[in-house]
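Working notes, beginning with the structure itself.
Just so it is clear, none of the values below were taken in a lab; they were calculated from the coordinates. Predicted model only: the values in this text are computed from it and were never measured. Note that we place each Cβ from the backbone using ideal geometry, even for glycine, and neighbour counts take in every protein chain shown.
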Amino acid sequence: MDFYKGIGTIYLKYWGDIQSHEVEVSGYTTSGIILKILELTTLSGKSTRRRA
């Protein structure tokens, strides 16, 4: 997560995905940013790494 000159950007990479993703969150409230992170990670439905 980066806030350069007031513009928030979330950088993420899904497990097993080659490409990195950037999502701009400027104009979001703190709770909106937290919800967006949850949507992109836990609630995304993407495959997860199995831990032994």
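Exactly one residue among K13, K5 is among the basic types (K, R), surrounded by fewer than 10 Cβ atoms within 10 Å (Cβ to Cβ) and free of Cβ contacts under 8 Å to residues at least 60 places away in the same chain, and that residue is K5.
Count of the stretch 28-40 residues, restricted to those that are under 12 Å from G8 (Cα atoms) and loosely packed, with under 10 Cβ neighbours inside 10 Å, is 2. Taking every residue in the stretch 22-46 that is closer than 14 Å to G6 by Cα and pairing it with any residue that is assigned to a helix (DSSP H, G or I), at least 6 positions away or on another chain, the pairs with Cβ-Cβ distances below 7 Å are V25/I33; V25/K36; Y28/K36.
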